[in-house]
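Shown next, in structure tokens, is the structure this report addresses.
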Amino acid sequence: MKAITMRMQKFSRPGVLLMATVVAIITSMVAANATQTITAPNAAFISYNLAAGANSAAITPATNKPVLVMGCCTTVTGVGQVSLTHYPSTGMIWAGLESYNGSPSTITSGFSGAAGTHIVYIEGDHGVDIQVAGADTILVHNGQSQTRAGNVTLVW
Amino acid sequence: MLLGTSPIRMKQKLTKATTALPFTSCFALSQNTQAVTPAPEAMRPNRLMSVHGNRHRRSLALICWLVFAAGLLVQFFSPHLKVSNGAFVIPPKMAAGRNAIRPDEIVGGQRRMQLLSVLLTVSGALGLAFLYRDMLIGGASRRSSEPVEEPACRDSTRSQHPDATRKTLDEETNT
């Protein structure tokens, strides 16, 4: 009986240590992932790849706080940005800089909740722009006759 | 295998294994502790007490494993958004869809899930470490010291024969 007990004791020790190691590794992995997520700043990176005349999915910016909307086109060079505030059920107010298209960049600013209102150009040919999609949303519109790809980053 | 895969994939693989592991190991460990403790026939009241203690300990272990597994499940089902250059990358599928994207809600939800997951996992792991501290620390210390049987026997006799130890202490003080 004592021998059996001893054998079980000997067998259980490495098992317990192995289990403890597995638990420790999993816990540290979860903790590392959570730390990365929790400490990352409030920024979202959205890619777009739009056919001629197409629109991206509507994007709802954070409400009642300034949101920096930066966009660029990777197909044709160009970059533009605006600071925008979303007033729920009312619309957006923004101020920023249009993309460079050969002549110095111009200021863009406005306040609207009407769909299709231009906010900022993010492509060098001024074909791709961010528009108001509704009182609570914005979207990326490709007004060119070719496909355009790029990305938009929102920081709030 | 662990080095080749991404941390998220690794977690997903490990989660499946570890959710099944707790329930079997919980009982296995508690059975081992029962088997390790000697129970002579003369010590029946103490044995009853130890059975109650073991039951309590087993339920605590089960709770800890459940908390730990719940943390892993939350981690498994949380939306795994990639963080690149300090920004959450919204999946292209989501961006190309018809539904409106709410980045602040997506990011907030992800944060909440991760926080809940880490709290559950860490508290479960700490609880387990506390519950099995004797086995963990004992195992480590016994490996370093030579005799395996003697200290355990002494400890068990001391805990099960408090009167005997008291007598020896009294004798020592008298002399």
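Just so you know, all these numbers are worked out from the coordinates, no wet-lab data involved. Owing to the predicted nature of the structure, the values given are computational and were not obtained by experimental measurement. Every residue, glycine among them, receives a Cβ derived from its backbone with ideal geometry; neighbour counts consider all protein chains shown.
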Output the 0 to 90 degree angle, nearest 10, between the alpha-carbon long axis of helix A:2-39 and the longest principal axis computed from the alpha carbons of chain A. 10
Total charge of the residues flanking B:L119 in space, meaning their Cβ is under 14 Å from its Cβ, with Lys and Arg +1 and Asp and Glu -1, is +2
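May I ask for the net charge around A:A40, where only other residues with Cβ less than 12 Å from the Cβ of A:A40 are counted and Lys, Arg are +1 while Asp, Glu are -1?
Numbers: positive: B:K82, B:R111; negative: none.
That sum, taken over residues with Cβ under 12 Å, equals +2.
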Which order do B:F130, B:F68, A:F45, A:F111 fall in if you start with the one that has the fewest other Cβ atoms within 10 Å? B:F130, A:F111, A:F45, B:F68
With the alpha-carbon atoms as the only input, what is the per residue convex hull volume for region A:13-156 in Å³? 141
Taking the dipole of chain A about the Cα centre (Lys, Arg +1; Asp, Glu -1; charges at Cβ), the one of A:T35, A:V82, A:G150 that reaches farthest to the positive side is A:T35
